[in-house]
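For reference, the structure is listed below as structure tokens.
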Amino acid sequence: MNIETDKIAYTYNINSLKKFTPSPDESPGTVRQFPFKRVLSLSSLITFWNRGVSGDSGVMAALAQKVQDELRKAPELSGPIEDPSILEKHRELVDLLMAVVFPPAFWNRDFSAAFIPFDFQSFYATPSFKRFFMSEDGTFGGQVNLDEQNFFYGRLLKAYLYIARRFYGIDLEFDYPLIFTARDPETGLDRYFKINFNPQFLEVKPVGSPKPLTDEAKKRLLANPIDLNVWMELLPPEDFEFHGFTAGHATDVTDQEVLSSLKRDLIEKESILSNARFHSLQEKLRTLFRRPDLLLGLAAIQGTQVFLLNYGCKIERSCIFSDSRHYNVSDFAGSIYERAVREESLLIIEDLATYPGRSCLEEEIIQSGVRNMVVAPLYYQDQLIGTLELGSPNPGDLDAISCMKLREVLPLFSVAINRSMEELNDRVQAIIKEKYTTIHPSVEWRFQKAVLNFIEKRNQGIPVSEMEPIVFNDVYPLYGSSDIRGSSTQRNTAIQADLIEHLSLAREVILLARDYKPLPFLDELAYRVSKNIVKIETGLGSGDEVLILDFLRREVESLFDHMQEFGPDVRDKIRAYRAALDPQLGVLYRRRKDFEESVTQINETISAYLDEEEKKAQAMFPHYFEKHKTDGVDYGIYIGASLVEDGKFDLLYLKNLRLWQLLVMCGVARQTHELKRSLKVPLDTTHLILVQNTPLSIRFRLDEKQFDVDGAYNIRYEIIKKRIDKATLKGNNERLTQPGKIAIVYSQPREASEYRQYIDYLQASGYLVPGVEELELEELQGIQGLRALRVAVNLQTSDLEQTIELEDMEEVVQGMARVSVSG
């Protein structure tokens, strides 16, 4: 390859440029003076007129002749121009010369200027360029997209590339894009321009003869094309001068730059989480639409909640969510926002004042000074995530054409809102987990609201250490339990049997060992074991189990390692003893294990059935539900207006839930009856419902992490719940709850009247057998006046559906609507 003649093309970016090595007296950030001598000259332009235009015919030839005639009268324009007043002196001739550089037809439209070589001092410019970029002293007033140091290095490398191309046949391309920001004098908004420089009238001249470069020097330059130290070493700046001028033409790239900047901003994690960044987004949208009064509004939609985020950046706090206002989706019914979401398209309102059928919301917007509106629904993964709105005080400011720019960034606004809501939800859930543990989904909205208020107060600098109280007033309670009949007695019986067998196995080992070695101590030990067996057979007292197991471990089993040396039969007996014990517990665990497994099967069957049916009940109307498993399953339900976010509730849903509960109890009774035959220990279950028409209040107890009734008057309900399973009939000792039956406990006659209708319906449907027992209950430790209805569940009809037909049930409840729950 002949390096002297072949042209090599490389492209480099300004950011990869290797800077100077500073001299000892310079700091690393020093910006040097441009090292090349630069001379303003029109000689190349004049040559163009003499050679290029004079050869034309007609008008241009005549014009060229006039230029030549005028130049003879102004010889100072043909040489170096050091005094700018020369240009002013011959302004008309300079205008004529520059006509081939800046066409007169575009003089008032274009952003163009002529510059001293490698300097941003303009000596000739169009009116638009002057208005946007020129300071009063003629210096450049715009802001460049590079820092001062990179700007200097870029110009210097560009100068060296001219020299390399002109004198040494080395053609290197250097990416040196210049984007200038200027303030629009009419709107006060930023405009962005890309400036391209035309070097047609720029000459590089050697001082003396051009310094030759050896092949080694050229190879070194090509190996280090962006190392300015190498360039300055091989081609000292004092060996070259630049004469002439460069023509700069600025192209408006505001739309591209703003859209790119918006995309970068919205990708960032903190894009809409602070007022400063939100304000920046609004300013960029104002620049994009050339509307200095434009207001940006963002709304995040989550379930039934709407968060209005920093509309117009009027609030000056630090966190966008502390500045947001919370609304319900229903608050926007009939508004332009609902219309945009319903139509799933961008909605443009030219003038709100003439918009037909305005809602109260639109009237408020007009009162705030906004007339022109754009509302766009935002979607994330095909799910509505929020809305974007743009507002202007000037009707018609935003139209379909201008809004085409918006469509590019709408998906990024969607991503930003989704990410911000996820961050907020993570924060809310972390606080909920810390303060409340697990929360039922039906009331999660209330806890989220409390956490948001907690976060807002902290962000506002209000000292707060505890969450606000979570209280639901005027809710109707429902309670049900399915208990295992005699579970305590059966558990004790199982423990008793296991202990007797355990002691008997131990006695067999001791007696066999005594046969091999008739030690009196073994006789005494066998006696104590037998004595414990007799004691357990007569009844199991409190603490007996612990004492006996401790006796076996310390005084019996501790001898086994030695006793097994008495003989092979003793060793085998000890091995059989140990094999009979549970490997984890170290005790005999047979009958109790059978009992506990049976209890677990019953609990899991009831719990799974309740969970499945509860999902259906939640679909009918949201309510709070909690259940507990012990020897059986009990559950509490609360329903009412304060438990739902929109506050809408009707007593129809209470009646519906009560009928649902009775139907579910029938299902539980049938399932446990069917399960009994497969249990290792056949256990019976009893079923009870507690009715209360009077609403009460419940409060979340932070210390106990659960809801409890609030207020002294409401405590009565909790006391009844805890004692009702032991209730007996007045006048005899019969337990209220009986296997295969459902007991419905009530206090007021109207409660019984309502439930008789449900019973009648379920008997007609085959869920319950005919007949209703009307019962009065004995006093329960200060609780008087309780009565009960007791009905038998149809356990024999196998073809009854185990699931609930919700449509039929709702129809029945509506038919019973004449019965007033409240009296």
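Table for the structure above
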| quantity | calculated |
| --- | --- |
| Residue match in the stretch 603-620 (condition: outside any helix (DSSP H, G or I) and under 33 Å from the mean Cα position of the chain (by Cα)) | no |
| So Gln121, is it surrounded by fewer than 17 Cβ atoms within 10 Å (Cβ to Cβ), free of Cβ contacts under 8 Å to residues at least 60 places away in the same chain and under 23 Å from Thr251 (Cβ atoms) | yes |
| Enumeration of residues in the stretch 553-578 that are of a type in the set (S, T, N, Q) and in contact (Cβ under 8 Å) with a residue 40 or more places away in the chain | none |
| Members of the stretch 430-445 that are modelled with pLDDT under 70 and in contact with a strand residue (DSSP E or B) (Cβ under 8 Å, 6 or more places away or on another chain) | Tyr436 |
| Test: residue in the stretch 713-729 that is buried (at least 19 other Cβ atoms within 10 Å of the Cβ), closer than 23 Å to Gly771 by Cα and hydroxyl-bearing (Ser, Thr, Tyr) | no |
| Residue in the stretch 314-328 that is surrounded by 15 or more Cβ atoms within 10 Å (Cβ to Cβ) and modelled with pLDDT of 75 or more present | no |
| Test: residue in the stretch 751-770 that is touching a residue at least 24 places away in the same chain (Cβ under 8 Å), on the phi > 0 side of the Ramachandran plot and assigned by TED's automatic domain parsing to the domain that holds Tyr653 | yes |
| Failed item, numbered, when Leu161 is tested on (1) at pLDDT 90 or above; (2) under 23 Å from Glu82 (Cα atoms) | (2) |
| Filter pass, Leu511 being in contact with a helix residue (DSSP H, G or I) (Cβ under 6 Å, 6 or more places away or on another chain), crowded, with 20+ Cβ neighbours inside 10 Å and either within 30 Å of Asp594 (Cα to Cα) or of a type in the set (D, E, K, R) (or both) | no |
| Hits in the stretch 270-303 - residues which are in contact with a strand residue (DSSP E or B) (Cβ under 7 Å, 6 or more places away or on another chain) and either among the charged types (D, E, K, R) or not assigned by TED's automatic domain parsing to the domain that holds Ser420 (or both) | Arg291, Asp293 |
| Meets criteria (at pLDDT 85 or above and either within 24 Å of Ser43 (Cα to Cα) or basic (Lys, Arg) (or both)) for Leu189 | no |
| Meets criteria (more than 30 Å from Pro469 (Cα to Cα), modelled with pLDDT of 90 or more and polar (S, T, N, Q)) for Gln781 | no |
| Condition check for Leu96: surrounded by fewer than 19 Cβ atoms within 10 Å (Cβ to Cβ), more than 18 Å from His249 (Cα to Cα) and not assigned by TED's automatic domain parsing to the domain that holds Ala247 | yes |
| Selection from the stretch 657-705 of residues that are among the small types (Gly, Ala, Ser) and under 20 Å from Asn473 (Cβ atoms) | Ser697 |
| Count of the stretch 734-785 residues which are among the hydroxyl-bearing types (Ser, Thr, Tyr), within 21 Å of Gly667 (Cβ to Cβ) and in a loop (DSSP other than H, G, I, E, B) | 3 |
| Hits in the stretch 679-696 (condition: assigned to a loop (DSSP other than H, G, I, E, B) and within 44 Å of the chain's Cα centre (by Cα)) | Gln692, Asn693, Thr694, Pro695 |
| Sole exception among (1) modelled with pLDDT of 90 or more; (2) loosely packed, with under 15 Cβ neighbours inside 10 Å; (3) more than 20 Å from Asp95 (Cβ to Cβ) for Gly29, by number | (1) |
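Yes/no matrix, rows are residues, columns are (1) surrounded by fewer than 20 Cβ atoms within 10 Å (Cβ to Cβ); (2) in the same structural domain as Asn714 (by TED's automatic domain parsing); (3) out of contact with any strand residue (DSSP E or B) (no Cβ under 7 Å at 6 or more places or on another chain); (4) within 30 Å of Ile548 (Cβ to Cβ):
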{"position": "Val599", "(1), (2), (3), (4)": "no, yes, no, yes"}
{"position": "Lys615", "(1), (2), (3), (4)": "yes, yes, yes, no"}
{"position": "His628", "(1), (2), (3), (4)": "yes, yes, no, no"}
{"position": "Leu643", "(1), (2), (3), (4)": "no, yes, no, no"}
{"position": "Leu659", "(1), (2), (3), (4)": "no, yes, yes, no"}
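So that you can scan it fast, the table gives a plain yes or no per residue for (1) acidic (Asp, Glu); (2) in contact with an Asp or Glu (Cβ under 8 Å, 6 or more places away or on another chain); (3) in contact (Cβ under 8 Å) with a residue 40 or more places away in the chain:
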position: Glu363; (1), (2), (3): yes, no, no
position: Val370; (1), (2), (3): no, no, yes
position: Gln383; (1), (2), (3): no, no, no
position: Leu398; (1), (2), (3): no, no, yes
position: Leu412; (1), (2), (3): no, no, yes
position: Arg419; (1), (2), (3): no, no, yes
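The values are calculated or read from the model by the stated rules, or taken from the named source; none is laboratory data. None of the values given here were measured: they were computed from a predicted structure. Every residue, glycine as well, gets a Cβ built from its backbone with ideal geometry; the counts of neighbours run over all protein chains shown.
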